[in-house]
Each structure stands twice: as structure tokens, then as C-alpha cells.
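One structure is given here, and the rest of the page talks about it.
The values are calculated or read from the model by the stated rules, or taken from the named source; none is laboratory data. Remember, predicted model here, so these are calculated numbers, not experimental data. So basically every Cβ, Gly included, is an ideal-geometry build from the backbone, and we count neighbours across all protein chains shown. These area figures cover heavy atoms from the full protein model, side chains too; ligands, DNA and RNA do not enter into them. Shrake-Rupley method; radii C 1.70, N 1.55, O 1.52, S 1.80 Å.
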Amino acid sequence: MSRDQQSFVSSERSPVWSPLQVGAYADYLALLSATNPVVVVEDILARDGELLLTQASLLDQKSIVRLKNKMLARPLADSIRIEKTITAGDLLQHLLDTIRSTEYFQSLAERKHPLSSLEPVCAMLSDLPLVQQFLTVMAAQMNDLYHRTLCVSLWSLYIAQEMRLPAHDSGEIFLAALTHDVGMLHLNPQILHKADELTADDWQHVQSHVDISTKILRDIPGVSPAIVTAVMEHHERCDGTGYPFAKVESELSIPGQILAVADAIVGIYFNRFKAQGRRWREVIPVLEMNRAAYLYRSCDIVTTMILRSELPLPNLVSGSGVPEFAERMLQQNLHLQNWFTQLRECLTSVGYTHGDRKLHALQNVVLHIATTFKGSLLFKEDLRESLESMASEEADSISKVVADASLVQQEMAFHLQRLSRMMQMYISSGEGKDPKITQRLQDGFTKISGYIGSSTNTPQS
């Protein structure tokens, strides 16, 4: 899942979750039970010894009322059995269906990654009945999340194989990918499906899925510490801007970094490209813009894999629409430059000797964006000249360079929006060490606030 927009939220303020509390997961089980019976396999007791449900009871919407507002003696997942769970064979079939229905994965399977390589990693599921239970509930009640999880699992396995990691390590990375979002099953559905913009507290709640997933996996027999660590780190970033612990590259595990980049590219594709009918090939410029956040080797491998698939980059626009497209790109370039200049001036003017780790993290993001801006093709003179030429006279279609540049623009806008939000949250948190610096940032943010939510749309087809 990709919720990095607010990754600066303090982990210390994350909601506390216990596997003994009854919440959204019980509701999902009750809904599932209507078509796939969920049966109590041992008496369910409250922590104070009260008998809540007896063995052989059906866990349905009526029976879970007795569990509400109770702390259980044992986790609910340990006390129930779903009549039909996702087996290793089912998982293999679901992965094969995903590959065959996705042009990119199908191309990879044909060229480099045979379908037979999935059989041994899927077989590992047979020894993990609780994971089978969680995947069954996810597939039935959060099917979009389940499909994304399958994609993240394929990406993670393929990246690990491209790195030539031992089969055992590749299998563990696959299992980490398969389970990295089980914590989402315990979050408030009203927040997950909220139509309005999420508040800081909402983002904290969403981000808590990492902690929940980690706690769940620690208690499952057969799940290794390496898998737990990878799941715990799947929203960490090499540049220290991730969560929950804001680790940097030297503190992160290889499996965690592989899972992080796999989860990110799936999020980029599903959240921003798929609805527009765009292809995996178009992830490359976005990934290039995020090299500071991810393991460089992983980024190189992903780029190579996508290019190896030989999927073409479709035209974004052609014919009479080209001049307008080019003109909007020129306007957006100027908009992004002005926005970044304001952000950089605001965050660097306070100096670097303040000793505030969170403010240093914001300043690091500015430096990374500056490096990316300088190295990108977005503001190169030949691109500007090409755009000006296309804006002044009709062309048949835009070039590949311009098409890539339009994707880079979207990513630039995303990063500036993200940094502006992070800055806003830092100021409003009241956790700044120096009130004078906080006030200077507040004054600077007043100039920047007009950009948030009003960025000129990058041209799209």
C-alpha cells in the first residue's frame, strides 16, 4: 500500500493496538461467514474469564455483538476456523491469473521468470494456517488490497531472483510481501474509505498498519525474524523520510528494502497510472526521481526488468492536441520551479545547527529534491526548446523524451506536495525544539500554502 504522503507523522503518537481487542477484523469475519462459514473451534473467553462464545458456534454478525467492547483472553484469529481457506494451490492459481491478465508480468514470465518458480514459494503457505486465514479474509473483504498484494509479492520475488539471492531468502521475501499488509484488516474501514482528505490523526491510524502487521507476524509460528523485519521496514526509506522509525539505508535490511520498492511501484501504478490506461513502462521516470529513497540496486533492477519486457510507451497525445499539451508543460515547469524555490528558501534559511532530527529530515528531502531536479531532464534547455517548438506549430506526436518528462512533472508535483504537507504537519505538531525557528517556518509556509492542492495539472491524454 502507498501512503507515503504523510510519512513524517511521529511514530510515538501512533494508536496502540492489541491482538486481544475486537474490531474491524471480527466484522470482516462475520461478513465472510455468510458465504464461507466461520466456526469457533474453542470457547472464546474475555480476559476476565467471562464465557463469550462456545465451541462450535458460528461467528456471524449476531454473535460478534457479544464480543464487542471486550478484551479477549486469546486473539480471535486463534479461536476460529474458516470452512474454506486459500490453499497453496489456490495462491498459485491466483498468481498465475494475475500474470496472465497483466501484459507486463506475462512478458516477464516468458523472457526470464518461468511460472514453475512460483510453486516452491507458494508451497510455504501450507505450513502457515493463520496466514491462510488472513489472506482468505483479505481476498473476500478487501479484494483490491489482495490483488495489489499479489502484485507486490511477484515484484518482490522477481527482484530477489534478479539479485541472485539464495532460494530460501527469496522465499522469505515473498512471504514478507504476502503478509506485509495484514494489519490493514484491523483498521477502521470508515477511515480507509473516507472520501474527504485524511486528517493527521487519520494518517496516523493508516500508518499503524505496519505496527499491527509486525505484532501479528511475531506471534505466528514458522514466521522468521527476517520476515517480521522486512514487514516492519516496508514503509521505511533509505533517505530517512519513511516510517515508523525514520531509519536510513545503513539501518535497513535487504529484504526490507526490496519489499519497500516493490510496494512503492505497485502503489504508483495502481494509484496514479492504471486508471489512466497507462503501462508499467511509465513507472521508470517516476522511479528515477525516487532513487534517494530506495536501494539503488533495486531501482536499477526494476528499470532493467521493465525495459526487458519490451512494452512500448504509448503516445500521450497527438495531432492537434500537441501545441496545447506542450504549452501546459511549459507552464507547469515554471510553476514547479517557483514552488520548489519557495520551499528551499524557507527550509534552508533556518540553518542546520538546530539539532532537531525531524527538521533535519525535512531539510534532507529538500536537498534530495534539489539533486533530482538538477539531474532530471525536466529543466534541460533542449527540452524547453522542444516544448516551445511544439507549442508554436502542430506536430504529429510528442517524442519519448517529452512523454517521459510529463511523467517526471507529475512526480515532481507529488514530491513538492508531500514535502509541503510534511512541513505543515511539523509546524502544527508543536514538537519543534526552537519556537523562533518554528515561527520562521510558519511565516514561510504562508507563502507556500497557495501551492498545496492547487498545483497546475500535468498534461495527460
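Calculate what fraction, in whole %, of the accessible area of the stretch 147-246 sits on carbon and sulfur atoms when a 1.4 Å probe is rolled over the protein chains.
The C+S portion of the solvent-accessible surface of the stretch 147-246 is 54 percent.
Quick one: which residues, 5+ away or cross-chain, put their amide H under 5 Å from the amide H of Ile80? H built at 1.01 Å from N.
Those lying under 5 Å, H to H, from Ile80 are Val41.
Report P(r) for the stretch 74-211: all Cα-Cα distances, bin width 5 Å, range 0 to the bin holding the largest distance, values in whole percent.
Reading the bins upward from 0: 2, 9, 18, 21, 18, 14, 10, 7, 2, 0.
Given a 1.4 Å probe and heavy atoms of the protein chains only, how would you sort Asp48, Asp144, largest accessible area at the top?
Reading off the accessible areas and sorting them downward yields Asp48, Asp144.
How much length is gained on full extension from Ser18 to Gln190, taking 0.36 nm per residue of separation minus their Cα-Cα distance?
Computed gain between Ser18 and Gln190 is 60.0 nm.
For Lys70, give me every one of the aspartates and glutamates with a C-alpha distance below 19 angstrom, ignoring sequence neighbours fewer than eight places off in its own chain.
Qualifying aspartates and glutamates at Cα under 19 Å: Asp27, Glu42, Asp43, Asp48, Glu50, Asp60, Asp78.
Give me the distance in nm between label points sitting 7 Å out from Cα along the Cα-to-Cβ direction at Thr199 and Gln106, one decimal.
Each label point lies 7 Å from its Cα, and together they span 4.7 nm.
Cross-link list Lys112/Lys247; Lys247/Lys447; Lys62/Lys194; Lys84/Lys194; Lys358/Lys447; Lys68/Lys215: which exceed 24 angstrom alpha carbon to alpha carbon?
As for pairs spanning more than 24 Å Cα to Cα, those are Lys112/Lys247; Lys247/Lys447; Lys62/Lys194; Lys84/Lys194.
Which percent of the Cα-Cα distances in the stretch 131-267 go past 22 Å?
Across the stretch 131-267, Cα pairs with separations above 22 Å total 35 percent.
Roughly to the nearest percent, how much of the accessible area of the stretch 248-296 is carbon and sulfur, given a 1.4 Å probe?
The computed percentage sits at 54.
What is the gain in length, in nm to one decimal, between Asp48 and Lys433 on full extension, counting 0.36 nm per residue of separation less the C-alpha to C-alpha distance?
134.2 nm
Calculate one ³J(HN,Hα) per residue across the stretch 110-122 by plugging θ = phi - 60° into the Karplus curve 6.51 cos²θ - 1.76 cosθ + 1.60, and present them in order as whole Hz with x for glycine and proline.
Working through the residues one at a time gives 6, 9, 9, 10, x, 4, 4, 5, 7, 4, x, 6, 5 Hz.
Can you compute the FRET efficiency between Val41 and Thr348 using 1/(1 + (r/R0)^6), with r the Cβ-Cβ distance and R0 = 56 Å? Round to the nearest 0.05.
0.40
Could you order Glu388, Glu411 so the one with the most accessible surface comes first? Probe is 1.4 Å.
Order by accessible area, largest first: Glu388, Glu411.
Please compute the per residue accessible area over the stretch 30-173 with all protein chains in place, 1.4 Å probe, rounded to a whole number of Å².
Each residue of the stretch 30-173 exposes 46 Å² on average to a 1.4 Å probe.
How would Arg218, Arg440 line up by accessible area, probe 1.4 Å, largest first?
Order by accessible area, largest first: Arg218, Arg440.
Leaving out ligands, DNA and RNA, and with a 1.4 Å probe, what % of the accessible surface on the stretch 12-61 is carbon or sulfur?
So the carbon and sulfur contribution to the accessible surface is 52 percent.
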